[in-house]
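Structure, as structure tokens:
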There are 2 protein chains.
Amino acid sequence: MLARQGRDVRLWARRPEAAARMTAERENRDYLRGVSIPPTVQVTADLYRAVEGAETIVIAAIASFVRELAADVAPLVARDSLILHGTKGLEPVTWRRISVVLADTLGPLVSGRIAVLSGPNHAEEVARGLPTASVLACADDGVALRLQRLLGNPHFRVYTNRDVAGVELCSAAKNVIALACGIGDGLGYGDNSKAALITRALAELWRLVERHGGSFATVAGLAGVGDVIATCTSRHSRNRWAGERIGRGNDLGAVVASTPMVIEGIPATRGIVSLAREAGVDMPICEGVHRILFEGQRPEDTLRELMGREWTAEA
Amino acid sequence: MLARQGRDVRLWARRPEAAARMTAERENRDYLRGVSIPPTVQVTADLYRAVEGAETIVIAAIASFVRELAADVAPLVARDSLILHGTKGLEPVTWRRISVVLADTLGPLVSGRIAVLSGPNHAEEVARGLPTASVLACADDGVALRLQRLLGNPHFRVYTNRDVAGVELCSAAKNVIALACGIGDGLGYGDNSKAALITRALAELWRLVERHGGSFATVAGLAGVGDVIATCTSRHSRNRWAGERIGRGNDLGAVVASTPMVIEGIPATRGIVSLAREAGVDMPICEGVHRILFEGQRPEDTLRELMGREWTAEA
């Protein structure tokens, strides 16, 4: 998208064979088949060539690889480069947010220039130029405005937001909610159940975001409501799909083994539940997913417990 | 559902033939085929027999018929009857909320006992006992708690809320949002567009609800987010379906003429836009639907205008 907007783009691939294939084929056949990589994009496996002198460094690696990658990038960051990440999830085991991992690794001179991009942004649709809206969060308004101007175009509308913690927590939790919706689908529940599950899951996510100093508007915005809707109602979401298999009674290990794809919702469930317990926040739906995935509870029993909670007010 | 919970239920039908058919067939074949009406339910076309002495009067007529029906019910309301309505929409032309129409008609002695039930509650799924959550709004906490106890069961979870105006505005606006989503589907847009459209439509709905003294939590709750998700992603929603036909270039009159069903989103668009203009609230998505339905704008042009608005912050 940036290359089509006339920007000079360098694309880094970890494996030299992958970089060579993309250079030859002008396409990333494993992950975004059918979308041509513009001729002006240089694909390289040489991190120095990719990052050196870049005005903006975009990091969209999986959560477990961000710290290692950032450590390699750190010495190459120019004095005024902006760092934009699009990683959805929390760092495994430490359960830190990605911008915190980046700030840890890149150091205090860079940490003020770290931003996150999130929202309902299926890559296939962005690549086809279908109308898309995205949220860009950064504590520094000037950085946010520069990135909004860099990324935005008539098909890709970028909203700024200062609430980095809120956006990152929403991005991690949405895959837990997608697992929960998939489990409901596997149990044969209908549209009423799914809509209620999403709504109440957003209410408990809001309690966690609030505890981390985040804003209600973020949870009600593109990174929260928007991305949750896109993920939970999509036939393509692998988290929703994995939940459906589990809801039908399949074993977690068997579901994971049946696909080469990473089911991010599985570590995200550990992460979100860990943060909730640490902060003393009540998150019954995420706790329920945790019991199903890691404590051997049958989904029907989890549902009965959720529906049997004391009757209450909406907010 | 109430009859299955052991309540004494009387069901009123406007047309004597409809009452006779339901009594004979123990089923409402035109509107809820396949769901048997329990033998304890008395079906009648005699309003006096239906309402006289009732502890709770449930009104779920279409918005345009509520005032006339309430005028007939008014002399029959017992001193302490509760009034619960489930009508989604605004009264045509006056664009008053349904609880306001009921209070106007039933008078000041009754007005404190009027409540509204809303949320993602497809009747077919409630009838099949699939897990459902609902919101019950009433200014009087005691009334709300009585109705919560009356309605709730292990498959039907009722949340109370004091924000009657917010719940009613959400219920009317959700069919406008469903039309907008359908129009996007008709134009061939994808999951990103739909998720963004819903999220931004909820943001503008929040501005209207706030102006009417309502609460953010209502828009983020079952009547707002929940019902919008259920309506906009359902294949069964006739408002989404009508929008899709319009998005494909069909004429509004032809779409309306092609179905015997009422497309509530059409009057609701006039109503919501009328309230927004009166209150000076910016609702670009609802205004866009209004231009397409009533001002002859082509959907592609509406979309271009929406995407071309000045870039902004999320909230």
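The values are calculated or read from the model by the stated rules, or taken from the named source; none is laboratory data. As the structure is a prediction and not an experimental result, all values here were calculated from the model. All Cβ positions, even for glycine, are placed from backbone atoms using ideal geometry, and neighbour counts span all protein chains on display.
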Filtered residue count, region A:253-304, keeping only those that are touching a Gly at 6+ places or on another chain (Cβ under 7 Å) and under 28 Å from B:S134 (Cα atoms): 2
Those residues of region A:16-32 which are modelled with pLDDT under 95 and charged (D, E, K, R), in sequence order: A:R29, A:D30
B:S274 vs. criteria more than 30 Å from A:V164 (Cβ to Cβ), of a type in the set (S, T, N, Q) and modelled with pLDDT of 95 or more: yes
Condition broken by B:K194, with the remaining ones in (1) within 13 Å of chain A (Cβ to nearest Cβ); (2) touching a residue at least 40 places away in the same chain (Cβ under 8 Å); (3) buried (at least 20 other Cβ atoms within 10 Å of the Cβ) satisfied: (2)
Hits in region A:210-245 - residues which are aliphatic (A, V, I, L, M) and buried (at least 24 other Cβ atoms within 10 Å of the Cβ): A:V219, A:A220, A:L222, A:A223, A:V225, A:V228, A:I229, A:A230, A:A242
Test: A:L293 is at pLDDT below 95 and either assigned to a helix (DSSP H, G or I) or in contact with a Cys (Cβ under 8 Å, 6 or more places away or on another chain) (or both): no
Some residue of region A:261-274 being surrounded by fewer than 16 Cβ atoms within 10 Å (Cβ to Cβ), within 28 Å of A:E124 (Cα to Cα) and either among the hydroxyl-bearing types (S, T, Y) or in contact (Cβ under 8 Å) with a residue 12 or more places away in the chain (or both): yes
Conditions (1) aliphatic (A, V, I, L, M); (2) closer than 25 Å to B:N121 by Cα; (3) in contact with a Ser or Thr (Cβ under 9 Å, 6 or more places away or on another chain): number failed by A:A201: (3)
Residues of region A:150-185 that turn out to be more than 8 Å from chain B (Cβ to nearest Cβ), more than 29 Å from A:I266 (Cα to Cα) and either of a type in the set (D, E, K, R) or not in a helix (DSSP H, G or I) (or both), as a count: 2
Given (1) out of contact with any helix residue (DSSP H, G or I) (no Cβ under 8 Å at 6 or more places or on another chain); (2) part of a loop (DSSP other than H, G, I, E, B); (3) over 19 Å from B:I62 (Cα atoms), number of the condition B:E300 does not satisfy: (2)
Meets criteria (at pLDDT 95 or above and in contact with a Ser or Thr (Cβ under 8 Å, 6 or more places away or on another chain)) for B:L150: yes
Any hit, region B:215-236, residues being more than 9 Å from chain A (Cβ to nearest Cβ) and in contact with a Gly (Cβ under 6 Å, 6 or more places away or on another chain): no
Pair list, Cβ < 7 Å and 6+ apart or interchain, from region A:228-243 residues that are of a type in the set (D, E, K, R) to residues that are outside any loop (DSSP other than H, G, I, E, B): A:R240/A:A178; A:R240/A:C181; A:R240/A:G182; A:R240/A:T231; A:R240/A:C232
Some residue of region B:197-214 being modelled with pLDDT of 95 or more, within 14 Å of another protein chain (Cβ to nearest Cβ) and assigned to a loop (DSSP other than H, G, I, E, B): yes
Within region A:303-315, considering residues that are in a loop (DSSP other than H, G, I, E, B) and within 20 Å of A:Y189 (Cα to Cα), the one nearest to the other protein chains (Cβ to nearest Cβ): A:G308
Selection count where residues are away from every other protein chain (no Cβ under 11 Å) and either hydroxyl-bearing (S, T, Y) or in contact (Cβ under 8 Å) with a residue 60 or more places away in the chain (or both), scope region A:128-146: 2
Selection from region A:129-141 of residues that are part of a helix (DSSP H, G or I) and either within 13 Å of A:I83 (Cα to Cα) or of a type in the set (K, R) (or both): none
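Where residues in region A:57-100 are under 20 Å from the mean Cα position of the chain (by Cα) and among the hydroxyl-bearing types (S, T, Y), which of them is surrounded by the fewest Cβ atoms within 10 Å (Cβ to Cβ)?
Checked region A:57-100; the qualifying residue surrounded by the fewest Cβ atoms within 10 Å (Cβ to Cβ) is A:T94.
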